[in-house]
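The block underneath contains the structure these notes are about, expressed in structure tokens.
The values are calculated or read from the model by the stated rules, or taken from the named source; none is laboratory data. On a predicted model such as this, the values are computed, not experimentally measured, just so you know. Here the Cβ positions follow ideal geometry from the backbone for every residue, glycine too, while neighbour counts run over all protein chains shown.
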């Protein structure tokens, strides 16, 4: 991948324009901000490029108990009101943001779209963030949330035994890890929906070099995220790098959506290959000419709506295959 003379020439015109406008705006790079400043900035700017908020029949705020006694916020989105029609299957979703930024609100539109297009409930989990909560807190929160949803389906008016996990970027890592944990305890998942997930312990692939600056997710920002989140000695823990798990057989089928011009694209492809070689059904889509984070840019990047529709279709198919 790295032999291309000018990787910027791969970008779509719309994507190039977005990057140019961000550069013109002169915003400080994230790695020069504190985590609190970066969170605030991301919250404020998240909706600018995103689609207008689609209406949805059911929105419910939840509190999910964690193993340490804390409560973590979550929000349930569903295209039908509780008690009307047959109970819906459910996707437990983890937002991106390098384990440091992001929230239910920054991924509000995406989760509504996935619920609408997947014809399922989506429970978006506000897992705890670094640096206040370092590894493995986010991983523990994610898995505790999945188990709680699995045990609470009747209370929530959801279909029993029709559960998927999903997430983008760091949230994709959490979803991949939860899929492995689910297999290990015998919890059958319908799908793992992974949008440009991080899967490797080190950022050493060709795409990490090709797209290390000027493509939204710069190397310095990746380093900033991981310095907040994890100690160097823990980087080889499979709960940070699911590629390093002992085995990948018996996992839920995967839908993997990647951005072509993204430092993480190669490890996404490598993870898809690893799952396939372990006998896991994998459907992979690479969206050409777009960068990391594009699924939250539907107002200006048409590929975002395409990815929403593809992911929604994957959810519908996976759930309809469950008895």
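Values as computed for the structure displayed
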{"item": "Some residue of segment 241-250 being within 30 Å of residue 18 (Cα to Cα) and surrounded by 24 or more Cβ atoms within 10 Å (Cβ to Cβ)", "result": "no"}
{"item": "Condition check for residue 307: in contact with a helix residue (DSSP H, G or I) (Cβ under 8 Å, 6 or more places away or on another chain), surrounded by 21 or more Cβ atoms within 10 Å (Cβ to Cβ), in contact (Cβ under 8 Å) with a residue 24 or more places away in the chain and assigned to a helix (DSSP H, G or I)", "result": "yes"}
{"item": "Residues (in contact with a helix residue (DSSP H, G or I) (Cβ under 6 Å, 6 or more places away or on another chain) and surrounded by 14 or more Cβ atoms within 10 Å (Cβ to Cβ)) located in segment 58-77", "result": "64, 66, 72, 77"}
{"item": "Residues satisfying the stated conditions in segment 114-162, i.e. touching a strand residue (DSSP E or B) at 6+ places or on another chain (Cβ under 7 Å), part of a helix (DSSP H, G or I) and surrounded by 22 or more Cβ atoms within 10 Å (Cβ to Cβ)", "result": "114, 115, 118, 141, 142, 145, 146, 149"}
{"item": "Tally of residues being in a strand (DSSP E or B) and closer than 21 Å to residue 60 by Cβ across segment 163-192", "result": "5"}
{"item": "Residues that are within 21 Å of residue 33 (Cβ to Cβ) and part of a loop (DSSP other than H, G, I, E, B), drawn from segment 227-249", "result": "230"}
{"item": "Counted residues, segment 78-113 - those being in contact with a strand residue (DSSP E or B) (Cβ under 8 Å, 6 or more places away or on another chain), crowded, with 24+ Cβ neighbours inside 10 Å and more than 22 Å from residue 318 (Cβ to Cβ)", "result": "0"}
{"item": "Among residues of segment 58-96, those that are part of a loop (DSSP other than H, G, I, E, B), closer than 21 Å to residue 143 by Cβ and more than 19 Å from the chain's Cα centre (by Cα), counted", "result": "5"}
{"item": "Yes/no for residue 48 being assigned to a loop (DSSP other than H, G, I, E, B) and in contact with a helix residue (DSSP H, G or I) (Cβ under 6 Å, 6 or more places away or on another chain)", "result": "no"}
{"item": "Among the candidates 186, 167, 198, 214, residue that is farther than 19 Å from residue 93 by Cβ and either in contact with a helix residue (DSSP H, G or I) (Cβ under 7 Å, 6 or more places away or on another chain) or modelled with pLDDT under 95 (or both)", "result": "214"}
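Results for (1) over 30 Å from residue 135 (Cβ atoms); (2) out of contact with any helix residue (DSSP H, G or I) (no Cβ under 6 Å at 6 or more places or on another chain); (3) in a helix (DSSP H, G or I); (4) in contact (Cβ under 8 Å) with a residue 12 or more places away in the chain, shown as yes or no for each residue.
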position: 14; (1), (2), (3), (4): yes, yes, yes, yes
position: 18; (1), (2), (3), (4): yes, yes, yes, yes
position: 31; (1), (2), (3), (4): no, no, yes, yes
position: 36; (1), (2), (3), (4): no, yes, yes, no
position: 41; (1), (2), (3), (4): no, yes, yes, yes
position: 56; (1), (2), (3), (4): yes, no, no, yes
position: 98; (1), (2), (3), (4): no, no, no, yes
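Rundown of residues vs (1) more than 16 Å from the chain's Cα centre (by Cα); (2) buried (at least 21 other Cβ atoms within 10 Å of the Cβ); (3) in contact (Cβ under 8 Å) with a residue 12 or more places away in the chain; (4) part of a strand (DSSP E or B), yes/no style:
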residue	(1), (2), (3), (4)
213	yes, no, no, no
220	yes, no, yes, no
225	no, yes, yes, no
259	no, yes, yes, yes
287	no, yes, yes, yes
290	yes, yes, yes, yes
299	yes, no, yes, no
312	no, no, yes, no
317	yes, no, no, no
